[in-house]
């Protein structure tokens, strides 16, 4: 058995985001412990539950990535640079270098703006 919501109660409608509601959940964990009054936000209860599950997954990934040593992140970056520079040398095509250096920048901006958008919609 995984975690499950055993009680949900509608608390209030959001004033800053019309159409969104705040729910309070009681969640039963795998070991039987019940966590009470877990806040969840969404357009309806199903949306609030799915947002809560997604938020927990994101927090788990963040914890995993933040526990990585700096040398692992640095080594990954250098391997990425080695890959795009090898592609450039083998094909003599500058698009490897241009695309390879622009892609991480665009990906970072995309994740940043998506993260801010999701945070605002969670209100």
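The values are calculated or read from the model by the stated rules, or taken from the named source; none is laboratory data. All of these numbers come straight from a predicted model, not from anything done at the bench. Note that we place each Cβ from the backbone using ideal geometry, even for glycine, and neighbour counts take in every protein chain shown.
Overview of values
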read-out	value
Hey, residue 40 touching a helix residue (DSSP H, G or I) at 6+ places or on another chain (Cβ under 6 Å), in the same structural domain as residue 15 (by TED's automatic domain parsing) and surrounded by 12 or more Cβ atoms within 10 Å (Cβ to Cβ) or not	yes
Of residues in the stretch 13-32 being in contact with a strand residue (DSSP E or B) (Cβ under 7 Å, 6 or more places away or on another chain) and more than 14 Å from residue 43 (Cβ to Cβ), the one surrounded by the fewest Cβ atoms within 10 Å (Cβ to Cβ)	29
Test: residue in the stretch 43-55 that is at pLDDT 90 or above, in contact with a helix residue (DSSP H, G or I) (Cβ under 6 Å, 6 or more places away or on another chain) and surrounded by 11 or more Cβ atoms within 10 Å (Cβ to Cβ)	no
Residues of the stretch 25-41 satisfying the condition of being over 15 Å from residue 55 (Cα atoms) and either at pLDDT below 85 or part of a strand (DSSP E or B) (or both)	26, 28, 34, 35, 36, 37
Breaking point among (1) within 27 Å of residue 112 (Cβ to Cβ); (2) assigned to a helix (DSSP H, G or I); (3) under 21 Å from the mean Cα position of the chain (by Cα); (4) without any contact (Cβ under 8 Å) to a residue 40 or more places away in the chain, for residue 71	(3)
